[in-house]
1. Name the single residue, out of those in the stretch A:11-48 being away from DNA strand C (no atom under 11 Å from the Cβ) and among the basic types (K, R), that is surrounded by the fewest Cβ atoms within 10 Å (Cβ to Cβ).
2. Among all residue pairs at least 6 apart or on different chains, which show Cβ distances below 6 Å where the first residue, located in the stretch A:110-128, is over 12 Å from B:F124 (Cα atoms) and the second is modelled with pLDDT of 95 or more and aromatic (F, W, Y)?
3. Determine which member of the set B:N57, B:N32 is among the polar types (S, T, N, Q) and under 10 Å from the mean Cα position of the chain (by Cα).
4. Got at least one residue in the stretch B:47-55 being away from chain A (no Cβ under 14 Å), touching a helix residue (DSSP H, G or I) at 6+ places or on another chain (Cβ under 7 Å), free of Cβ contacts under 8 Å to residues at least 60 places away in the same chain and more than 9 Å from DNA strand D (Cβ to nearest atom)?
5. Being more than 16 Å from DNA strand D (Cβ to nearest atom) and polar (S, T, N, Q) is the filter here; which residues of the stretch A:56-98 pass it?
6. Within the stretch A:92-125, take every residue that is touching a strand residue (DSSP E or B) at 6+ places or on another chain (Cβ under 6 Å) and farther than 22 Å from B:I98 by Cα and give me the one that is farthest from the other protein chains (Cβ to nearest Cβ).
7. Would you mind stating whether A:S42 is more than 20 Å from the chain's Cα centre (by Cα), without any contact (Cβ under 8 Å) to a residue 60 or more places away in the chain and within 16 Å of DNA strand D (Cβ to nearest atom)?
There are 2 protein chains.
Amino acid sequence: MSHIEQLQNKNLKVTPQRLEIVDVLTHFGHINIDNLYKNLQSKFPTISLATIYKNLNTMQDKDFVCEVKIPHQKSVYEITKKKHSHVVCSNCNEIVDIEITTTKLTEEAKSLSGYQLDDSSIVFSGLCPECSK
Amino acid sequence: MSHIEQLQNKNLKVTPQRLEIVDVLTHFGHINIDNLYKNLQSKFPTISLATIYKNLNTMQDKDFVCEVKIPHQKSVYEITKKKHSHVVCSNCNEIVDIEITTTKLTEEAKSLSGYQLDDSSIVFSGLCPECSK
DNA sequence: CTAAATGCAAAGCATTTGCAAATAT
DNA sequence: ATATTTGCAAATGCTTTGCATTTAG
């Protein structure tokens, strides 16, 4: 499905700025506000941070984009996709997605806490292959 | 060990304000800046947010306090203790600590990502026993 | 006595809002 | 044609800084 269709499916008007935000998010996978801004400026020299904030907010409201909170770093944003976890390099900040099975751990957490749990946010930290050389 | 001794062990001067911050952190387990501020005002009507920020920052530098980033909420702070995970109620925001075994999951994450991992941050979300009634 | 902490005010960032003009549908 | 989006400027909110005074050790 094209990015245009993805936006239309969420009832988001397809503006050039918005489309480029989706392109950049898709290309980088995860990106923080500042880097998103920098990347958009090459194609849209007059784009404003307000536009980026507004777009990220409406996209989050429509559940098309989500924020990932990372320890000791600024939050990054990603296109909402199948539930997954994150691994972050504490040296170069590279982030990758991983699909791990959290069922057993969530069960453990449920019985230990007495909570009814339906979600989990997991971020592993360490060194990426490049930085651990 | 008393809170006074805990501060001294970290080379932190024992001021009344600082001691009360530790008392409040210990009492609540996890608290965000605003609520910490409100709680301190009863005992120190003229305490300033700057003092609280400065204290949390130096305490974090000394690894005596740490920040916990929670999805969809303001960060909370806690006294640094043995590694553990968190469970948060998405209705009343209550947070509890749990000790779960993350070894297997971390191994899985390592092999999937190719990263050398030495830390993980896990936050489960759901309803606390009270809110799920 | 010295270095650090406090509290105030000001400064510095980050994010949101209001609004006129432009644009998507 | 209408409702939404954009980009600017201003406003708001959050966190840090500078500094004179106070306090802990």
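The values are calculated or read from the model by the stated rules, or taken from the named source; none is laboratory data. Computed from a predicted model, the values in this text were never measured in an experiment. Note that we place each Cβ from the backbone using ideal geometry, even for glycine, and neighbour counts take in every protein chain shown.
1. Ranking the candidates gives A:K38 first.
2. A:G126/B:Y115; A:C128/B:Y115
3. Exactly one of B:N57, B:N32 is among the polar types (S, T, N, Q) and under 10 Å from the mean Cα position of the chain (by Cα), namely B:N32.
4. Looking through the stretch B:47-55, at least one residue is away from chain A (no Cβ under 14 Å), touching a helix residue (DSSP H, G or I) at 6+ places or on another chain (Cβ under 7 Å), free of Cβ contacts under 8 Å to residues at least 60 places away in the same chain and more than 9 Å from DNA strand D (Cβ to nearest atom).
5. Passing the criteria: A:T80, A:S85, A:S90, A:N91, A:N93.
6. A:I95
7. So A:S42 fits the description; yes.
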